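Where a number appears in this text, it was derived from the coordinates with a stated rule and is not lab data. Values in this document were obtained by computation on a predicted structure and should not be read as measured data. Cβ coordinates were reconstructed from backbone atoms using ideal geometry, including for glycine residues, and neighbour counts include every protein chain displayed.
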Amino acid sequence: MNENGEGMSEQNVTKKLQVMLPHWIEHNNNHIAEFKKWEGEVRAESGQELAKLLEKAICDMEEAGKSLSEALEKVGGPLEGESGHHHHHH
C-alpha cells in the first residue's frame, strides 16, 4: 500500500465516518450539556461576560452538531449495529 495520499478508498472513508460521526455527535452533545451546567454556575456568580462567552460556545457547538448530523446523513446514517451505543467490535 503506497503512502502518498491514496491509502483510503472512498468506500473506506464513508464506512469510517459512519462509525466516527455518531461518536463525535455524542461527544459534542456531552460537551454542550457540560457547558450549560457551567454557564449556569458562572451566571449565578454574576460573571455575565463569561456566561455570554459560554453561551456563544454552546451555540457554536450546537451548530457544529447540526453540521455533523448532516454529514452523517450524507454518508448514509450510522453503520448498522451502531445505534449510538458503544459497541466496539474487536
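Loop-located GluC sites (Glu not before Pro) across the stretch 17-65 with a Cβ neighbour count of 16 or fewer within 10 Å are GLU45, with loop assigned by DSSP.
Database remark: amide H of LEU79 closer than 5 angstrom to the amide H of VAL19 (H placed geometrically; neighbours at sequence offset of 5 or more, or on other chains; Pro and chain starts carry no H).
Shape class for the stretch 15-74, computed from the alpha carbon gyration tensor (a ≥ b ≥ c): prolate, with a/c not under 1.5 and a/b above b/c.
Using the Karplus relation 6.51 cos²θ - 1.76 cosθ + 1.60 with θ = phi - 60°, the per-residue 3J(HN,Hα) values for the stretch 46-59 come to 6, x, 4, 4, 4, 4, 4, 5, 5, 4, 5, 4, 4, 4 Hz, with x marking Gly and Pro. Listed values for the stretch 69-80 are Karplus-derived 3J(HN,Hα) couplings in whole Hz (6.51 cos²θ - 1.76 cosθ + 1.60, θ = phi - 60°), namely 5, 5, 4, 4, 4, 4, 8, x, x, x, 4, 3, and x replaces Gly and Pro.
To the nearest 20 debye, what is the magnitude of the charge dipole of the stretch 15-74 about its Cα centre, counting +1 on the Cβ of each Lys and Arg and -1 on the Cβ of each Asp and Glu?
Details: 9 positive and 12 negative charges, 58 e Å.
Roughly 280 debye for the stretch 15-74.
Note on the stretch 15-74: lysine pairs with Cα distance below 23 Å, sequence gap of 8 or more or different chains, count 13.
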